[in-house]
Every structure is written in C-alpha cells, then in structure tokens.
Amino acid sequence: MKVSSVEEFWKYKVLRISSGIDDIGDVNGMYIVYMAIIKVIVCCAIAKSFKSLGKVMIVTAILPIILLVAILLRALTLPGSTEGMLFFINPDFSKLLNAKIWVEATFVAFNTLGPGWGGLMMIGCHNKFNYNCLRASLISSVSVLLIGLFNGLVVFATAGVMAHEAEVPVHSVVTSGGFSIGFITYPKALSCFPLPQAWSVLFYLVLILPGIDSLTVMMEPFLLILEEMCPKYFHNKRVALLTVTTIATFLVGLLFVTQAGVYIFILGIWYIATWNVVVICLVEAIVFGWVYGSNRLDRDVKMMLGRPMPGPVRISLAFIIPIFLSVLLTISIVTYRAPAFGSYEYPWYASIIGWALTLSTLAPALGYAVYTLSKQKGDLHQRFQNSVRPNEDWVPIDASYREFWKKDSYHNSLTWKQLFLYNLKGDSGRFVSNSLTVEEQHSLKAFT
C-alpha cells in the first residue's frame with residue numbers, strides 16, 4: 001500500500017509508534033519538556049484568571065478560521081482539490097441507514113459541543129443572572145457545525161490534491177484516520193505555501209492555543225468541585241491544590257509520550273469520551289425534565305429571561321433527548337466493537353481496561369448518590385424523594401430576584417400525569433399557579 005511521505009513522517013518520526021499497546025518503548029524527552037510547558041501555562045492561566053484566558057481565546061478562535069481560508073484558497077489552485085471537495089459534498093446517503101454512523105456521529109457531536117463534561121456549566125457560572133443562555137447555546141451550536149463543515153471541506157480538498165499526486169482514490173489517501181488526518185493533510189497543504197516552515201509554525205501554534213483552552217475548561221470544574229465540597233481543606237488554597245493536580249496529571253500524561261502513547265490515547269478516547277458522557281447527559285435530561293421538573297425549570301428561566309423555555313426546547317429536553325440517547329446507548333452496546341488504529345487491532349485485555357476506565361469516571365457520581373441516600377431517613381422510597389427535592393438554599397443569590405422567585409413558585413407536587421402534560425403543552429394554567437400581581441410582574445420585567 002502506498003503511503004505518503006507526510007504520513008510516514010507522522011507515524012514513525014513524530015509518533016514513533018511501537019508495534020502495539022503492550023510495547024511501551026522508551027519515553028521521548030523533548031515531549032516531556034513540551035508537556036511540562038503546557039502544564040505550566042495552564043496552571044498559571046487558572047491560578048490568575050479564567051476570564052483573561054477567555055479574552056485571549058477570542059483571538060485564537062478566529063485565527064484558525066483565517067488560516068483555513070488561506071489553505072483552501074491555495075488548495076483550489078492545485079489539481080485534485082475539486083475531486084476531494086466533490087467527494088465530501090456528495091456523500092453516500094445510504095450510509096444513513098447504518099446505525100453505527102449515527103452512533104459515531106453523536107459521539108463526535110458530544111466531543112465537539114462539550115455537553116456532559118462540566119465545562120459549559122462552569123463557564124455559565126461567570127455569566128450575568130439574566131444572560132440569554134438560550135441564544136448563546138444556539139449560536140455556539142450552529143457555529144461549531146458550520147466550522148466543522150468548513151474544516152471538512154478544507155481537509156478533503158487537500159486530500160484530493162494528495163490523491164491526485166499518489167494516483168489513488170480519495171477515500172484511500174490517508175490510512176491512519178481519526179485525529180491523524182489533521183496532522184497529515186494540513187502539513188501537506190502547508191508544504192505548497194511559500195515559506196512553508198513559517199506557515200507550519202503558525203498553524204500548530206494556533207492549534208495549541210485552543211488546546212490550552214480545552215485543558216483549562218476541563219481542569220477548572222474539577223478544582224471548583226474540590227473547593228466547594230471541602231472548603232475546610234481547600235478554601236483559599238487554590239495554588240497548592242492546582243499544583244498537586246497539575247503534578248498528578250503530568251505523571252499520568254507520561255504514558256502518552258511513550259512509543260505506545262498513541263494506542264493509549266485512542267483507547268482512552270474510545271471509552272472515556274463516549275459512553276460515560278452520553279450516560280451523564282441522559283441522566284441530566286431526565287433529572288431536569290422529570291425529577292426537578294420542567295415546571296420548576298420554566299420558573300427559573302422565566303426569572304432569568306422574563307419568559308419560559310420555548311416549547312421545542314422543553315419537548316426536546318423531556319422526550320426527544322432521553323429517547324434518542326437511550327436508543328443510542330442500546331445500539332452502541334449491541335453493535336460494540338473493539339477500538340482500532342489503522343490496521344492495528346487491540347488485544348483482548350484492552351477492552352477490559354477500557355470498560356474499567358468508563359466505570360471509573362461514573363463511580364464518583366454513583367458513590368455520591370449512594371452517600372446522599374444513606375444520609376436520608378425513612379424507607380428507600382422516602383429516602384429517594386427527600387434526596388431529589390430542592391433544598392431551602394436553592395434560591396437566587398440576588399435578594400430582589402429571590403422574593404419574586406418565592407412568590408412565583410410553581411407547584412412542587414405535580415403528579416406524573418400532570419408533569420407529562422406540562423412537558424408536552426407547557427403552562428396552560430391548569431397545573432401551575434402564578435401568584436405574582438400585575439405590578440410585581442412589571443417590576444420583574446424591569447429587573448430582567
């Protein structure tokens with residue numbers, strides 16, 4: 001099989017891949033230095049201010065798009081780019097009947113949009129109380145979709161050029177697949193630019209900066225959880241906690257700078273970033289739609305934005321998302337297959353390690369749920385009801401909003417039938433009592 005020089009360099013010079021995951025090989029000293037530098041940057045960014053890093057990322061989010069446009073324009077001047085783009089925009093729609101396609105596409109969507117990781121909720125904590133979160137979620141989702149489609153167009157335009165030079169079909173131009181394609185097609189495209197070394201440095205610098213942002217978003221929620229759960233031990237000790245966490249993650253990261261690092265990375269992504277995230281989002285949808293209840297959630301959204309959730313959002317939260325994710329989990333388990341890297345197949349014990357990683361990420365939530373139930377009184381049913389009931393501290397922190405929130409308190413004792421109808425039809429006035437006077441409603445609008 002023909003392999004391009006770029007792909008060969010990526011596999012055997014950059015990755016220095018071994019024969020398999022059981023062949024760890026040696027550790028690359030330079031990669032340890034690179035990883036240490038990244039860890040120090042992330043540590044300093046979190047210790048100082050998350051908002052300052054967010055301002056920097058406004059620039060770093062725009063630069064990759066500008067560079068993608070430049071790469072596409074250059075690729076269009078080379079033979080084969082048109083064939084690659086046509087291959088991208090003319091998909092085989094019969095593949096939509098394949099359940100695995102939907103499963104893998106959903107997993108990719110979870111990784112790109114970021115639900116279930118905790119980072120979005122952490123970022124949302126920095127917004128104002130009446131920030132239009134619905135509009136922001138729509139804009140971010142559409143932006144991620146459009147940028148992803150444009151990125152795919154650029155990748156396949158470049159892949160078409162590579163296929164034309166190698167005289168092979170577009171679908172066989174890259175054999176590594178997965179994340180490797182970005183490190184194979186883009187260097188090939190940049191080699192066609194004047195001063196390709198300068199373009200390559202700029203491209204990978206811009207690629208690193210959003211990666212630092214992602215590391216920050218993933219680490220910050222972990223630190224916040226420890227600080228809020230154990231204020232006696234971690235209050236005003238952010239630097240010490242961050243230092244210990246950084247050292248621990250650095251030591252774990254040493255596995256990824258070995259010759260088997262790419263195999264370990266793919267194994268982790270295959271299990272950690274797939275089923276557990278879907279399970280977390282499924283539980284969140286059920287909790288907000290049926291345990292906490294869309295009626296209470298509508299009350300909170302109305303307090304923040306001056307209006308309840310739109311009907312499609314409420315129906316999606318209560319019905320579409322739980323059903324879709326349940327079907328997705330069922331199909332993914334039934335059609336489960338072990339991970340692979342190109343033609344390499346993982347040994348049998350890799351799947352055991354992978355499932356252990358999946359369960360280890362869910363264990364803290366399950367353990368805390370058991371702990372919460374054990375602290376309640378009564379039988380199991382009473383313990384469960386008490387543990388999922390909002391406590392007295394669950395109120396807006398602003399005193400002005402708090403008074404309206406208490407007066408506009410929706411029924412907390414809707415039956416399952418009433419909650420089902422509410423999720424389906426919204427506030428029809430049959431199950432929800434709005435005790436605000438006209439004057440108070442006008443005052444509330446002034447706040448929002």
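The structure-derived value of mean projected area of the Cα convex hull in nm² appears in the list (i) 25.8; (ii) 24.5; (iii) 21.2 under the label (i). As an exercise, use a Förster radius of 45 Å and the Cβ-Cβ distance of I62 and V244 to find the FRET efficiency, rounded to the nearest 0.05. That gives a FRET efficiency of 0.80.
Note that the stretch 154-295 presents 47 Å² accessible area per residue, ligands and nucleic acids not counted, probe 1.4 Å.
For the chain, a Gaussian network of Cα nodes joined below 10 Å ranks A369, A318, A75 by mean-square fluctuation, and the top entry is A369. Stretching the chain fully between S343 and S19 yields a gain of 115.5 nm (0.36 nm per residue, less the alpha carbon separation). Expressed as a whole percent, the accessible surface of the stretch 18-137 that belongs to carbon and sulfur atoms is 71, based on a 1.4 Å probe.
The residues of the stretch 299-373 expose, per residue, 57 Å² of accessible area to a 1.4 Å probe. Taken as entire DSSP H runs, the helices of the chain that both span 18 Å or more between Cα atoms along their own long axis and average 1.0 or more on the Kyte-Doolittle scale are 29-48, 50-76, 133-166, 196-229, 238-253, 321-334. Separation of the alpha carbons by more than 26 angstrom is noted, of K375/K417; K13/K39; K302/K425; K39/K237; K39/K128; K128/K425, for K375/K417; K39/K128; K128/K425. Result for the chain in a Gaussian network model with C-alpha springs under 10 Å: among I225, I321, I269, the largest mean-square fluctuation is at I225.
When the surface is traced with a 1.4 Å probe over the full set of protein chains, W275 keeps roughly 20 Å² accessible. Summary: within the chain, the longest segment free of trypsin sites (Lys or Arg not before Pro) located in DSSP loops with at most 16 other C-beta atoms within 10 Å is 3-127. Taking only protein heavy atoms and a 1.4 Å probe, the accessible area of the stretch 190-236 is 75% carbon and sulfur.
The values are calculated or read from the model by the stated rules, or taken from the named source; none is laboratory data. None of these values were measured; they are calculated from a predicted model. Please note: Cβ atoms are built from the backbone with ideal geometry, for glycine as well, and neighbour counts cover all protein chains shown. For accessibility, only protein heavy atoms count, side chains too; no ligands or nucleic acids. Shrake-Rupley method; radii C 1.70, N 1.55, O 1.52, S 1.80 Å.
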